Amino acid sequence: MSVSPDVARALPALERDGVLSPAQAGLLGRIARGEHASADLLLHALLYAGVLAVTGGVGLLVKDRIADLGPLAIAVLIGAAAAGCLGWCARVAPPFARGRMVAPGVAFDYLLVLGALLLAADLAWIEWRFTPLGPAWPWHLLVVATIHAALALRFDSRTLFALALASFAAWRGVAVTGLEHTLFGWAGGTLALRLNGLACGVLFIAAGHLMRRRDVKAHFEPVAALLGWVLVLVAVAGGMDGDAPAAWLHRLALLALGAWLGVRHWRTEDFGLFVLGVLAAYVAFLALTLPGIDGGGLAALYVAASAVALLAGLLRARARRRGAAP
């Protein structure tokens, strides 16, 4: 689906001048922002399914042929497949650009993602079979995150950028340092994990904001913001268990953050952040109100009715945004 911010910004003036009717401007605005579904959605889904199928096939090959081929041969074969995909992408891709890059073909991004996933699988296989990093094996996740981020920036792939951020967060989740264990070991490591998630989330949000300000792949910012806020909200929600005062503070903090995020992005193009904020506020609201409801049946009815009302409200909000969008 095509996305053109310049067209989206120009549409209000065309509607005011009478060149376009409100209905036409609304339709074109949704197309320009990439919100209008088309037949290409099926093709994209099929291509992603193909990437997952090939990646799964590699796993089956490793499982069934490890005795025949040997670990070194498998590492070479997977590496060669990854090099083939990435080499083709490097050959046909246009030069690096700070903004959006026009892909040379509909399958370009999917072959790029396939090559990156195969490369990550190859590195994981090498680490598992040959253990070059030894006890420091979690660092290979940081290596994968760095490679994916470099490929995402060079070839303008938001999918790879999201994978890079996820790999970085996984590295921090696995490689909780000795200092953090020393400081927060009394909490069983959960506090250290939540603090790492919170730090990663803030880092991702700040990185996306900086990319937008510096106009370097500014269209990656929603990806960084969405994943960052997910980590922040999950980190806050992780402390809601129990009846201790700290748990109630976490519930209130999640309610406040979710409400602020929803209000902040109600009028913006980041509908995903609006939905995320509403969902976080809803979870916090349930955590605050459910303890006061006696009876399992009544509580289940309360949750079901509120969930239906929430879904209806989100659908109505989506319809209103689409109707009001130029």
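Read-outs: derived from the displayed coordinates by stated rules, not from any lab. Here the structure is a predicted model, which means the values were calculated and not measured. Every residue, glycine among them, receives a Cβ derived from its backbone with ideal geometry; neighbour counts consider all protein chains shown.
Computed extension length for V92-T131: 10.5 nm, one decimal, from 0.36 nm per residue of separation with the Cα-Cα distance subtracted.
What FRET efficiency comes out for the pair R320/E269, r = Cβ-Cβ distance, R0 = 22 Å, nearest 0.05? Efficiency at R0 = 22 Å is approximately 0.95.
Please give the FRET efficiency for V308 paired with A259, using the beta carbon to beta carbon distance and R0 = 22 Å, rounded to the nearest 0.05. Intermediate values should be presented prior to the final figure.
Values: r = 20 Å, r/R0 = 0.93.
Here the calculated transfer efficiency is 0.60.
By definition, a body whose alpha carbon gyration tensor gives a ≥ b ≥ c is oblate when a/c is 1.5 or more and a/b is not larger than b/c, and the stretch 59-176 fits this oblate description. When H250, H209, H140 are sorted by how many other C-beta atoms sit within 10 angstrom of their C-beta, beginning with the fewest, the order is H209, H140, H250. The A218 and L301 beta-carbon pair, evaluated with R₀ = 56 Å, returns a calculated FRET efficiency of approximately 0.75.
Cβ crowding within 10 Å ranks M211, M101 as M101, M211, fewest other Cβ atoms first. Modelled this way, with points 7 Å down the Cα-to-C-beta line, the labels at A80 and A166 are 2.9 nm from one another. A cut-off under 11 angstrom between Cβ atoms defines the neighbours of A218, and their net charge, with Lys, Arg +1 and Asp, Glu -1, is +4.
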